[in-house]
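Undergrad: Handing you this structure, nothing more for now.
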Amino acid sequence: MKETQSGPYVLETQHITKEFSGVRVLDDITVGIRSGEIMGLIGENGAGKSTLIKIICGIYQPTSGSVSLEGTPVEINDYIKAKRLGIALVPQEFNLINTLTVWENMFLGNEIITATRLLNKKQMRSRAGKQLEELGMPLDVNLKISDLSVAEKQQVEISKALLLNAGILIMDEPTTTLTGHEIRTLFTLMRRLKAQGVTIIFVSHKLGEIKTICDRVTVLRDGKLISIDEIADINEHDIARKMIGRDFTQVFPKKKVRTGDDIILSAEHLVSGRVLKDVSFDLRRGEILGFAGLVGSGRTETAETIMGLRPLSAGRVTVNGKSVHIQNARDAVDLGIGYLSEDRQGKGIVQDFDIPQNITMISLKRYLKNFLIDKGTELEKSSEYVRKFNIVAASMKMGLRFFSGGNQQKVYLARWVDTNPSILILDEPTRGIDVNAKKEIYDFIHSLAEQGISCIVISSEMEEVMGLCSRIYVMKEGRVTGCLEGDRITEEEIMFHATGIQGEVFDER
Ligand SMILES: Nc1ncnc2c1ncn2[C@@H]1O[C@H](COP(=O)(O)OP(=O)(O)OP(=O)(O)O)[C@@H](O)[C@H]1O
Ligand SMILES: [Mg+2]
């Protein structure tokens with residue numbers, strides 16, 4: 001029977017199968033996308049979402065099956081062809097060149113040429129600026145990518161994809177690096193595009209987002225198509241159940257009641273560069289301490305300063321009662337401090353290293369035997385982490401670039417755990433992590449605290465800091481504006497200290 005309601009699909013994958021070295025990661029996926037709809041795509045880490053998207057964009061070729069546009073099978077040999085066909089991608093892992101500016105990156109491969117065959121820099125600059133402004137992302141187009149925060153890099157990727165006026169826009173986890181406010185701006189934009197007839201495929205791990213913005217939702221599990229539902233017919237709980245194949249309720253572990261009061265780390269009036277103006281806080285043994293605030297409030301910079309990655313211009317850091325001078329990350333590691341950066345790709349994992357190499361990078365000394373790396377122990381220990389964190393990997397020996405985003409994040413966490421830190425700073429630790437794996441990571445952070453390890457959790461997900469932390473420092477414009485504890489931990493209080501605005505609550509939708 002022919003679809004009467006929406007005619008032929010604007011885009012359809014037909015019986016797509018994809019294998020990598022004989023391992024099947026997509027199995028017979030047939031999904032039709034209606035013109036002008038927002039289709040959600042959800043599934044656990046490693047379920048095959050990005051792979052499916054990359055096939056639609058011509059980055060990978062299917063092992064079998066095909067892609068049709070408006071009912072006609074098309075050969076999409078590469079991304080250039082996809083773009084010509086009106087398909088644009090906001091990739092999960094950024095594709096930006098660090099040494100180039102924002103506008104140069106936006107027009108890379110689509111340069112505007114003057115009548116005399118020169119680059120029309122002036123026009124590109126102004127169009128890039130206009131584009132960002134239209135998207136509600138005020139960013140200086142002349143900045144180099146290397147000077148941007150992760151959220152800003154994400155904004156460049158989104159604007160870059162939208163420059164092409166594509167009819168089909170595919171967004172692979174575009175909201176993971178954005179805060180509530182930015183997500184709302186993005187959703188407004190998505191609705192506007194939809195009204196203009198753009199068809200959108202939207203990947204997210206956040207059930208609330210899928211429910212809010214999508215018309216339908218497709219669930220993948222272990223490379224198989226589980227379901228396609230009208231969003232009105234399904235609730236968040238059902239989506240989660242289909243994703244993981246069993247009942248699920250996301251729960252935070254019961255909050256740990258702090259026992260000891262000894263202060264393991266204290267920061268007094270830290271100043272660094274132009275960003276950090278005045279930051280003081282105490283971290284107690286075995287506590288899970290939260291840092292909340294808007295993007296740009298200085299939370300990451302605080303962590304980087306403690307970690308010796310930024311110069312301390314004024315102020316004092318004390319570890320175990322002793323004043324310390326941390327000049328670089330090695331000093332910090334030697335003091336037992338670990339830092340999981342929010343910038344997993346830029347400052348975290350090494351794409352060409354395999355799992356053991358990525359995990360033991362910092363703790364390598366422990367694996368040396370007669371000046372050689374004891375490969376056996378290294379592999380054994382790494383396998384232990386793979387089990388513990390449920391890392392989905394076809395092979396331990398594969399470079400991390402072949403791993404799904406969520407699994408890369410887990411490997412990165414394993415690296416820091418392997419340094420046996422007494423203080424672990426986790427910056428957006430569950431970014432890109434599916435709901436089920438999130439719970440595993442929360443439980444894990446909790447168990448670290450139980451062992452007396454002090455954890456600092458920086459997170460833009462209100463629910464996460466609130467559910468996990470016993471105390472929360474809130475930052476605004478480079479200063480600590482409040483410390484909340486007990487009953488005072490509410491969304492309103494956090495937002496008040498983060499923005500100075502009373503009453504308005506930002507949520508993730
Ligand atoms: N180039 C590749 N070579 C080998 N295996 C690959 C390659 N790309 C992806 N895979 C494997 O395919 C599976 C699906 O990965 P994919 O990136 O599509 O997952 P995902 O659903 O996007 O997960 P996440 O939510 O973590 O981003 C994973 O097991 C991954 O290791
Ligand atoms: Mg992915």
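The values are calculated or read from the model by the stated rules, or taken from the named source; none is laboratory data. Remember, predicted model here, so these are calculated numbers, not experimental data. Neighbour counts run over all protein chains shown; Cβ positions are idealised from the backbone, glycine included. Accessible surface is based on the protein model in full, side chains and every heavy atom, while ligands, DNA and RNA are left aside. Shrake-Rupley method; radii C 1.70, N 1.55, O 1.52, S 1.80 Å.
Undergrad: Each label point is 7 Å from the Cα along the Cα-to-Cβ direction; what then is the distance between the points at GLU268 and LEU372, in nm?
TA: 5.1
Undergrad: Could you calculate the contour length gain from ASN328 to ASP215, that is, 0.36 nm times the residue separation minus the distance between their Cα atoms, to one decimal place in nm?
TA: Details: separation 113, 0.36 × 113 = 40.68 nm, distance 4.89 nm.
Here the segment from ASN328 to ASP215 would lengthen by 35.8 nm.
Undergrad: Using alpha carbon coordinates only, what is the Rg to Rh ratio of the chain, with Rh defined as the Kirkwood radius? Spell out each step's value before the answer.
TA: Working: Rg = 23.4 Å, Rh = 24.1 Å.
Checking Rg against Rh, the ratio lands at 0.97.
Undergrad: Still on this structure: At a Förster distance of 41 Å, what's the computed FRET efficiency of HIS15 paired with ARG479, Cβ-Cβ distance as r, to 0.05? The partial results should precede the final answer.
TA: On the way: r = 57 Å, r/R0 = 1.39.
Using R0 = 41 Å, I get an efficiency of 0.10.
Undergrad: Using a 1.4 angstrom probe on heavy atoms only, work out the carbon and sulfur share of the accessible area of the range 346-420 in %.
TA: Numbers: 2150 of 3840 Å².
Percent of accessible area from carbon and sulfur atoms in the range 346-420: 56.
Undergrad: Students often check this: by mean Cβ neighbours within 10 Å, which of 104-114, 461-471 ranks highest, and how do the rest follow? Don't jump to the answer; show the numbers that get you there.
TA: Numbers: 104-114: 15.6, 461-471: 20.5.
Output ranking for 104-114, 461-471: 461-471, 104-114.
Undergrad: A further question on this structure: Give me the extension gain from ARG84 to ALA115: residue separation times 0.36 nm, minus the current Cα-Cα distance, reported in nm with one decimal. Can you show the working numbers first?
TA: Working: separation 31, 0.36 × 31 = 11.16 nm, distance 2.27 nm.
Difference between extended and current length: 8.9 nm.
Undergrad: Going by average Cβ density within 10 Å per residue, which order do the peptides 170-179, 64-73, 376-385 take, highest to lowest?
TA: Values: 170-179: 23.5, 64-73: 14.1, 376-385: 16.4.
The peptides rank, most packed first, as 170-179, 376-385, 64-73.
Undergrad: What FRET efficiency would be calculated for the residue pair GLN61, MET398, taking the C-beta separation as r and a Förster radius of 25 Å, to the nearest 0.05? Let's see the in-between values first.
TA: Numbers: r = 19 Å, r/R0 = 0.78.
For R0 = 25 Å, the calculated efficiency reads 0.80.
Undergrad: Between the range 185-212 and the range 380-407, how far is it from one alpha carbon centroid to the other, in angstrom?
TA: 31
Undergrad: Mean separation of Cα pairs under 8 Å and 6+ residues apart, divided by the residue count of the chain: what relative contact order is that in percent?
TA: On the way: 1026 pairs, mean separation 83.2, N = 509.
Relative contact order comes out at 16 percent.
Undergrad: Per residue, how much space in cubic angstrom lies within the convex hull of the C-alpha atoms of the range 346-420? Could the numbers behind the result be given before it?
TA: Numbers: hull volume 6.4 nm³, N = 75.
It is 85 Å³ per residue.
Undergrad: Once you order the gyration tensor axes a ≥ b ≥ c over the Cα atoms, which shape class does the range 393-468 get: rounded for a/c under 1.5, otherwise prolate or oblate by comparing a/b with b/c?
TA: Values: a/c = 2.18, a/b = 1.39, b/c = 1.57.
Oblate is the answer for the range 393-468, as a/c is 1.5 or above yet b/c matches or exceeds a/b.
Undergrad: Hey, another quick one. Using a 1.4 angstrom probe with every protein chain in place, what is the largest-first accessible-area order of CYS483, CYS455?
TA: Details: CYS483 50, CYS455 0 Å².
Heavy-atom accessible area, descending, gives CYS483, CYS455.
Undergrad: Roughly speaking, what is the centre-to-centre gap between the range 427-488 and the range 264-314 when only Cα atoms are used, to the nearest Å?
TA: Distance between centres, Cα-based: 15 Å.
Undergrad: Expressed in nm to one decimal, what extension gain is obtained for the pair SER149 and ASP278 from 0.36 nm per residue of sequence separation less their Cα-Cα distance?
TA: On the way: separation 129, 0.36 × 129 = 46.44 nm, distance 2.05 nm.
Residue separation times 0.36 nm, minus the Cα-Cα distance, leaves 44.4 nm.
Undergrad: Once R0 is set to 51 Å, what does the formula 1/(1 + (r/R0)^6) return for the Cβ-Cβ distance between GLU384 and GLU133, expressed as a FRET efficiency to the nearest 0.05?
TA: Details: r = 50 Å, r/R0 = 0.98.
The computed FRET efficiency comes out at 0.55.
Undergrad: While we're on this one: Using the per-residue mean of other Cβ atoms lying within 10 Å as a proxy for protection, in what order, highest first, do the peptides 30-43, 290-303 fall? Mind showing how you got there, number by number?
TA: Details: 30-43: 21.3, 290-303: 24.6.
With the highest mean Cβ count within 10 Å placed first, the list reads 290-303, 30-43.
Undergrad: Test of the criteria: in the range 52-133, which trypsin sites (Lys or Arg not before Pro) are in a DSSP loop and have at most 14 other Cβ atoms within 10 angstrom of their Cβ?
TA: Values: sites: LYS54, LYS81, LYS83, ARG84, ARG117, LYS121, LYS122, ARG125, ARG127, LYS130; in loops: ARG117.
Qualifying residues, ordered by number: ARG117.
Undergrad: Helix-derived [θ] at 222 nm for the chain: sum -39500 (n - 2.57) over DSSP H runs of at least 4, divide by residue count, nearest 500?
TA: Details: 16 runs with 156 residues, N = 509.
So the calculated ellipticity at 222 nm is -9000 deg cm²/dmol.
Undergrad: Right, something else. Excluding residues on the same chain fewer than 8 positions from LYS369, give the lysines whose Cα lies under 28 Å from its Cα.
TA: LYS381, LYS388, LYS397, LYS410
Undergrad: Leaving out ligands and nucleic acids, and using a 1.4 Å probe, what accessible area per residue does the chain come to in Å²? Please list the in-between numbers first.
TA: Values: 22370 Å² over 509 residues.
About 44 Å² of surface per residue is accessible.
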